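The values are calculated or read from the model by the stated rules, or taken from the named source; none is laboratory data. Source: prediction; values computed, not measured. Cβ placement follows ideal geometry from the backbone for every residue including glycine, while neighbour counts extend to all protein chains displayed. Side chains included, ligands, DNA and RNA excluded: accessible areas come from the protein's heavy atoms. Shrake-Rupley method; radii C 1.70, N 1.55, O 1.52, S 1.80 Å.
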Amino acid sequence: MTEHTPITLHGVMSPNVVKVAIMLEELALPYVLKHVALFNGEQFTPEFRKLNPVGKVPVIEDPALG
Ligand SMILES: N[C@@H](CCC(=O)N[C@@H](CS)C(=O)NCC(=O)O)C(=O)O
């Protein structure tokens, strides 16, 4: 089996993010959770807006997709 870099799930412990984590668990896809400090406005930083211009979580980064 080929080893893949895990998916990164950017988010917090909110229902919108947890439902994506449940999907990843159900699909048995390896992932790491990266906390986004919403109350500090991290979702509006230029770095985060490169991931999601809307400035919201959840965001999935899948290295397999480039
Ligand atoms: N329908 C959207 C909703 C995303 C959403 O509202 N995310 C909230 C957290 S659950 C968020 O990022 N809030 C930060 C903000 O709006 O600044 C989705 O599920 O993708």
As an exercise: evaluate L27 against (1) over 13 Å from the mean Cα position of the chain (by Cα); (2) of a type in the set (A, V, I, L, M, F, W, C); (3) surrounded by 15 or more Cβ atoms within 10 Å (Cβ to Cβ) and give the number of the one condition it does not meet. (3)
Is region 52-65 home to any residue that is modelled with pLDDT of 95 or more, near the ligand (Cβ under 8 Å from one of its atoms) and among the basic types (K, R)? yes
Which one of these does M13 not meet: (1) open to solvent by less than 80 Å² (accessible area, probe 1.4 Å); (2) on the phi < 0 side of the Ramachandran plot? (1)
Working only within region 14-36, note down all residues that are of a type outside the set (A, V, I, L, M), out of contact with any Pro (no Cβ under 7 Å at 6 or more places or on another chain) and either in contact (Cβ under 8 Å) with a residue 60 or more places away in the chain or not in a strand (DSSP E or B) (or both). S14, P15, K19, E25, E26
